[in-house]
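Worksheet for the structure shown next.
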Amino acid sequence: MTDSMRPRVLFFDVNETLLDLAEVKESVSRALENRPELAALWFPTLLHHSLVSSAAEQFRPFGEIAVAALIMIAESNGIDLSEDKAKQAIQPILSAPPHPDVVPALRRLRKQHIHMGVLTNSSKGAMEQQLKTANIYGLFDFTLSVEDFGIYKPHYKVYQWAAESQKMQPEECMMIAAHGWDVGGAAWAGMRAAFVARPGQSLYPLAPVPEIIAADLEDIADRLIVLESQ
């Protein structure tokens with residue numbers, strides 16, 4: 001398939017790509033004694049240890065790793081934070097709002113009858129609550145959580161599994177995400193990729209350059225709609 005042809009399936013990342021995590025980051029900052037520089041470490045630490053779990057073949061739910069990551073940061077900086085308080089601090093992630101560009105972009109893609117869904121590291125239960133609270137659940141044809149596979153993105157097998165779930169080859173699919181590691185992982189697995197350059201996000205220089213790099217999802221939707229459909 002050439003880049004002039006529209007992908008047959010679109011996979012969207014959820015956290016930070018579709019949903020704005022500003023509120024949960026503020027909540028995490030308060031739990032860390034109002035130290036935003038420590039709060040900024042939380043999500044990268046969560047992602048790091050999800051990969052540790054995958055590498056060690058010791059899968060644990062994303063929410064559990066999120067709590068553990070927060071407790072680690074608190075402990076290493078002399079902050080007393082109980083497990084219950086850590087759970088409360090990350091609770092807003094379940095009600096995170098969509099970025100302003102998300103709904104218009106998804107609706108335009110739906111009008112083109114493009115098969116699309118989400119592929120997330122969040123647990124199934126958390127993912128469904130997130131998408132329903134954000135009022136975007138019904139805009140997708142399917143939802144996939146790595147909880148059903150037991151390995152976290154960006155392991156290449158996750159993207160191959162996702163493509164197979166839709167009865168497609170990886171090259172017929174596109175991963176759309178605001179994380180360099182996610183689009184990089186997808187590209188290495190044979191998928192096409194589009195990077196949403198959300199504030200504070202950057203591409204991994206050692207990964208393949210995504211087919212599309214855009215400031216928001218509406219721009220990505222525009223670029224996909226003009227491509228020739230299958």
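Could you check the range 117-128 and list, in sequence order, the residues that are crowded, with 22+ Cβ neighbours inside 10 Å, in contact with a strand residue (DSSP E or B) (Cβ under 7 Å, 6 or more places away or on another chain) and not in a helix (DSSP H, G or I)? Full working, then the answer.
Residues of the range 117-128 crowded, with 22+ Cβ neighbours inside 10 Å: 118-122, 127.
If we keep only those that are in contact with a strand residue (DSSP E or B) (Cβ under 7 Å, 6 or more places away or on another chain) too, we end up with 118-120, 122, 127.
118, 119, 120, 122 - these are the residues of the range 117-128 that are crowded, with 22+ Cβ neighbours inside 10 Å, in contact with a strand residue (DSSP E or B) (Cβ under 7 Å, 6 or more places away or on another chain) and not in a helix (DSSP H, G or I).
Could you go through the range 214-228 and let me know if any residue there is part of a loop (DSSP other than H, G, I, E, B), acidic (Asp, Glu), farther than 14 Å from residue 10 by Cα and in contact with a strand residue (DSSP E or B) (Cβ under 7 Å, 6 or more places away or on another chain).
From the range 214-228, those part of a loop (DSSP other than H, G, I, E, B) are 215-216, 226-227; that's our starting set.
Pick out the ones that are also acidic (Asp, Glu) and you get 216.
In the following step, the residues that additionally are farther than 14 Å from residue 10 by Cα were identified as 216.
Applying the additional criterion that residues be in contact with a strand residue (DSSP E or B) (Cβ under 7 Å, 6 or more places away or on another chain) yields 216.
Yes.
What are the residues in the range 180-206 that are small (Gly, Ala, Ser), more than 24 Å from residue 20 (Cα to Cα) and in contact with a Phe, Trp or Tyr (Cβ under 7 Å, 6 or more places away or on another chain), if any? Spell out how you get there, then give the answer.
So in the range 180-206, the residues small (Gly, Ala, Ser) come out as 180, 184-187, 189-190, 193-194, 197, 200, 202.
Still in the running and more than 24 Å from residue 20 (Cα to Cα): 187, 189-190.
Result: 189, single match.
Does residue 177 fit the bill of being surrounded by 17 or more Cβ atoms within 10 Å (Cβ to Cβ) and at pLDDT 95 or above? Outline the logic, then answer.
Details: surrounded by 17 or more Cβ atoms within 10 Å (Cβ to Cβ): yes; at pLDDT 95 or above: yes.
In short, yes.
Have a look at 33, 23 and point out the one that is touching a helix residue (DSSP H, G or I) at 6+ places or on another chain (Cβ under 6 Å), surrounded by fewer than 18 Cβ atoms within 10 Å (Cβ to Cβ) and modelled with pLDDT of 95 or more.
Details: 33 fails: touching a helix residue (DSSP H, G or I) at 6+ places or on another chain (Cβ under 6 Å).
Exactly one residue qualifies, and that residue is 23.
Does the range 57-79 include one or more residues that are of a type in the set (S, T, N, Q), in contact (Cβ under 8 Å) with a residue 40 or more places away in the chain, part of a loop (DSSP other than H, G, I, E, B) and not assigned by TED's automatic domain parsing to the domain that holds residue 173?
Initially, the range 57-79 is screened for residues of a type in the set (S, T, N, Q), giving 58, 76-77.
Okay, now just the ones that are also in contact (Cβ under 8 Å) with a residue 40 or more places away in the chain, so 77.
Right, trim to part of a loop (DSSP other than H, G, I, E, B) and you get 77.
With the extra rule that they be not assigned by TED's automatic domain parsing to the domain that holds residue 173, the set shrinks to 77.
Yes, the range 57-79 contains a residue that is of a type in the set (S, T, N, Q), in contact (Cβ under 8 Å) with a residue 40 or more places away in the chain, part of a loop (DSSP other than H, G, I, E, B) and not assigned by TED's automatic domain parsing to the domain that holds residue 173.
Please identify the pairs in which a residue from the range 1-12 that is at negative phi and part of a strand (DSSP E or B) has its Cβ atom under 9 Å from the Cβ atom of a residue that is modelled with pLDDT under 95 and small (Gly, Ala, Ser), counting only partners at least 6 apart or on another chain.
Listed pairs, sorted by first residue: 5/229.
Please verify whether the range 92-102 includes one or more residues that are surrounded by fewer than 13 Cβ atoms within 10 Å (Cβ to Cβ) and either in contact with a Lys or Arg (Cβ under 9 Å, 6 or more places away or on another chain) or in a helix (DSSP H, G or I) (or both). It would help to see each step written out before you state the result.
Keep residues of the range 92-102 that are surrounded by fewer than 13 Cβ atoms within 10 Å (Cβ to Cβ), which gives 100.
From what's left, either in contact with a Lys or Arg (Cβ under 9 Å, 6 or more places away or on another chain) or in a helix (DSSP H, G or I) (or both): none.
No; the residues of the range 92-102 include none that is surrounded by fewer than 13 Cβ atoms within 10 Å (Cβ to Cβ) and either in contact with a Lys or Arg (Cβ under 9 Å, 6 or more places away or on another chain) or in a helix (DSSP H, G or I) (or both).
For the range 13-52, which positions are over 13 Å from the mean Cα position of the chain (by Cα), part of a loop (DSSP other than H, G, I, E, B) and touching a residue at least 12 places away in the same chain (Cβ under 8 Å)?
32, 33, 35
Search the range 150-171 for residues that are assigned to a helix (DSSP H, G or I) and pair each with any residue that is at pLDDT below 95 when their beta-carbon atoms are under 6 Å apart and the residues are at least 6 apart or on different chains.
Once the first residue is assigned to a helix (DSSP H, G or I) and sits in the range 150-171, its partners that are at pLDDT below 95 give 171/1.
Has the range 85-93 got any residue that is of a type in the set (Gly, Ala, Ser) and without any contact (Cβ under 8 Å) to a residue 24 or more places away in the chain? If you could, list the steps in order and put the result at the bottom.
Going residue by residue through the range 85-93, those that are of a type in the set (Gly, Ala, Ser) are 86, 89.
Going one step further and asking which of them are without any contact (Cβ under 8 Å) to a residue 24 or more places away in the chain, we end up with none.
Taking every residue of the range 85-93 in turn, none turns out to be of a type in the set (Gly, Ala, Ser) and without any contact (Cβ under 8 Å) to a residue 24 or more places away in the chain.
The values are calculated or read from the model by the stated rules, or taken from the named source; none is laboratory data. Being a predicted model, the structure only gives us computed values, none of them experimental. Note that we place each Cβ from the backbone using ideal geometry, even for glycine, and neighbour counts take in every protein chain shown.
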